[in-house]
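Laboratory data are not the source of any read-out in this text; all were calculated from the coordinates shown. The model shown is predicted, which means the values in this text are computed figures rather than measured ones. All Cβ positions, glycine included, derive from the backbone under ideal geometry; neighbour counts span all protein chains shown.
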Amino acid sequence: MKYVRNKTGVYEQYKCILNGWNFVFETKVKEADTIEELCDEFVVVYDKSEQCDNEVFNATNYTPIEACNFYNNIKIESLYGAIWTSKGLIYVAKMNDKGELELI
């Protein structure tokens with residue numbers, strides 16, 4: 001499956017075509033086969049019982065699995081894929097139970 005990223009978010013390419021969202025293609029920044037390739041950061045949200053802050057990992061240095069396993073003994077609640085926009089860091093994907101990123 002192909003994904004498209006522009007200045008406002010990440011989109012599935014076929015949904016853009018079906019819905020006639022030409023603005024995504026006119027202003028596209030990147031195109032990739034996976035969501036991971038389009039993310040700038042991975043944000044790991046730790047379980048509330050762990051008493052620690054969320055951690056941000058640069059997507060060029062870490063894969064989502066590496067980010068999840070960075071601290072072996074800390075329980076993770078969820079992982080998000082995020083991109084930098086003019087409004088700041090926004091979440092565009094969330095890891096499912098299978099360990100795959102899905103658009104949100």
By the C-alpha gyration tensor axes a ≥ b ≥ c (rounded if a/c is under 1.5, else prolate when a/b exceeds b/c, else oblate), the shape of the chain is prolate
For 52, 39, 68, ascending order of other Cβ atoms within 10 Å (fewest first) is 52, 68, 39
The stretch 39-68 scanned against label point 7 Å out from residue 91 along Cα→C-beta; backbone N under 18 Å for 39-59, 64-65, 67-68
Between the modelled labels at residue 78 and residue 104 (7 Å from Cα along Cα→Cβ) the distance in nm is 0.4
